[in-house]
Amino acid sequence: MEHHECLDVIGIGIGPFNLGMAALLEKTDVQALFFERKEQFDWHPGMMLDGTTLQVPFMADLVTMVDPKSPYSFLNYLHEHNRLYSFYFLESFHIPRAEYNHYCQWVSKQLRNLVFQTEVEQIDKIDNEKRSYYAVKVKEKQQRRTYYAKQLIVGTGTKPYVPEAVRSCLDDKVYHSSRYKMMREETKKARSITVIGSGQSAAEIFYDLLDDQENHSYELSWYTRSTGFYPMEYSKLGLEHFSPDYTRYFYQLPEQQKAKTLKNQALLYKGISFDTIAAIYDKLYERTIGGATAPVHMQALTEVQEIERTREGVAITLHQQEQGHTVTAESDVVIFATGYHPYVPACLDGLLLDLEWTAGGQLAITEDYRIKGSGDHAIFVQNGELHTHGVGAPDLGLGAFRNAVIINQLAGKDVYRVDHQTVFQKFGTNLPVLCK
């Protein structure tokens, strides 16, 4: 079945950023639909562990940073659920991760422009004498339909990353951290468990396993190729890198300088929270009272080179970078908490020849979040512009700002105020305001 009405925009994927977009669009006349193949909104279910919190303040909700009066704010969610006083007495800017997920689900159930259980399979650009538009072919409950839109918003986010050398080994014994909660109980039946990675996810999984280790008696190892188990940069001036001002500054840098800068900023967004590091250390300290030993091995500067199956489990070839030593460790289960990488969804394959790419082989993106080459019928990007816009691209706190920039273009007017001069420090000199 074909829907001949041409929408203003179609969104692909319903994560936090496109969900925020859908909520903020309610103040406009923009006709939009957003498609998601999952049954409902569900944010990182494999890492929804007890006691875990967002690493950003609650104001980094879907709407507040550009529209604090919105009925879809987190504070209004609390009000509607009779939790304002409970939150007031909690005295914490960092809310439970499970509550953020429930808040997003609450918003999603109120919006009429969201379509779940629908996969976007193919997108074609149609050019004729009268007009140009996108034909979006979707599979919805075993039926295939075609929708039409003038513009697109790609919000499929990132996908789990594991080193290429181990991808052929992935199964229930070697898996990415995104599956941890689903695999958690079976994993704890193992005799030995190894965690790979240096960020918050690796630390949370390691602590969860450490906390329950005495009940299961498994050996526990943690390796990272980073130089140490370091905390995330969370000073107030450091946090100013997650601002519209820094995004604007970073965008003006030459491409090679951007890549170099990002390599030096890992701890701005890849480190471990102070609280998690402290909890791990405190637990290890308690376990070693009176000369007791804990079956725990932690080692930095160590990279996984290869994984092989053995009769006993998994053989991990590890290389210590400073010493130059290579050793083999055995483990029943290996969990790769090695992060997420951006990707171009397959439904865009038919459009790729028209789009522009950077010298580094990534999509070229304008300051106002359009993929270059998409012309007047723009393809906007959500959380796929780390290489062009900097460390704030995946940050929830800048999601509403990016959405405001995009919505003002879709509506053809300033629906939302886009703020500049939001920080105390200056990142560069004589920068023109290109994104108004």
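Each reported figure results from applying straightforward, stated rules to the coordinates on display, with no laboratory input. No experiment lies behind these values; they were computed from the predicted model shown. We place every Cβ from the backbone using ideal geometry, glycine too, and count neighbours over all the protein chains shown.
For the stretch 77-151, which trypsin sites (Lys or Arg not before Pro) are in a loop by DSSP, counting at most 11 other Cβ atoms within 10 Å? Don't skip to the end; give the middle numbers.
Numbers: sites: ARG83, ARG97, LYS109, ARG112, LYS125, LYS130, ARG131, LYS137, LYS139, LYS141, ARG144, ARG145, LYS150; in loops: ARG83, LYS109, ARG112, LYS130, ARG131, LYS141.
Sparse-neighbourhood loop trypsin sites (Lys or Arg not before Pro): LYS109, ARG112, LYS130, ARG131, LYS141.
State the antiparallel share, in %, of DSSP beta bridges confined to the chain, rounding to the nearest 5.
Working: 37 of 70 bridges.
So the antiparallel bridges in the chain amount to around 55 percent.
Each residue of the stretch 278-341 gets 152 Å³ once the volume of the Cα convex hull is shared out per residue.
The stretch 164-227 and the stretch 329-348 have Cα centres spaced 13 Å apart. In percent, rounded to a whole number, the relative contact order of the stretch 1-110 is 30, using alpha-carbon pairs under 8 Å and six or more apart.
Of all stretches in the chain that contain no GluC sites (Glu not before Pro) in a DSSP loop with at most 13 other Cβ atoms within 10 Å, the longest one is 130-311.
Given axes a ≥ b ≥ c from the Cα gyration tensor, I'd like to know whether the stretch 233-319 is rounded (a/c under 1.5), prolate (a/b larger than b/c) or oblate. Provide the component values of the computation, followed by the final result.
Values: a/c = 4.34, a/b = 1.58, b/c = 2.75.
Oblate is the answer for the stretch 233-319, as a/c is 1.5 or above yet b/c matches or exceeds a/b.
Is any helix in the chain, taking whole DSSP H runs, at least 15 angstrom long along its axis by alpha carbon and on average at least 0.5 on the Kyte-Doolittle scale, and which ones?
Within the chain the helices that satisfy the rule are 399-411.
Within the stretch 167-302, the ratio Rg/Rh, alpha carbon atoms throughout and Rh by Kirkwood, equals 1.06.
Once you have the Cα-Cα distance between GLN40 and ASN264, take 0.36 nm times their residue separation minus that, and quote the gain in nm to one decimal.
Details: separation 224, 0.36 × 224 = 80.64 nm, distance 3.72 nm.
The span from GLN40 to ASN264 would gain 76.9 nm if fully extended.
In order along the stretch 379-386, phi translates into HN-Hα couplings of 10, 8, 10, 10, 6, x, 10, 4 Hz, rounded to whole numbers, per the Karplus curve 6.51 cos²θ - 1.76 cosθ + 1.60 with θ = phi - 60° and x for Gly and Pro.
Residue by residue, the stretch 141-155 carries 3J(HN,Hα) couplings of 6, 6, 10, 10, 9, 10, 10, 10, 8, 6, 9, 10, 10, 8, x Hz when phi is fed to the Karplus relation 6.51 cos²θ - 1.76 cosθ + 1.60 (θ = phi - 60°); x denotes Gly or Pro.
Shown here for the stretch 389-426: trypsin sites (Lys or Arg not before Pro) in loop regions (DSSP other than H, G, I, E, B) with at most 15 other Cβ atoms within 10 Å, namely LYS413, ARG417, LYS426.
In loop segments of the stretch 272-320 as defined by DSSP, the trypsin sites (Lys or Arg not before Pro) with at most 10 further C-beta atoms inside 10 Å of their C-beta are ARG311.
With 26 Å as the limit, write out which pairs from LYS181/LYS258; LYS38/LYS181; LYS236/LYS258; LYS189/LYS270; LYS159/LYS372; LYS139/LYS173 have Cα-Cα distances beyond it, or answer none. Walk me through the numbers before you get to the answer.
Values: LYS181/LYS258 35 Å; LYS38/LYS181 18 Å; LYS236/LYS258 23 Å; LYS189/LYS270 30 Å; LYS159/LYS372 23 Å; LYS139/LYS173 33 Å.
Pairs exceeding the cut-off: LYS181/LYS258; LYS189/LYS270; LYS139/LYS173.
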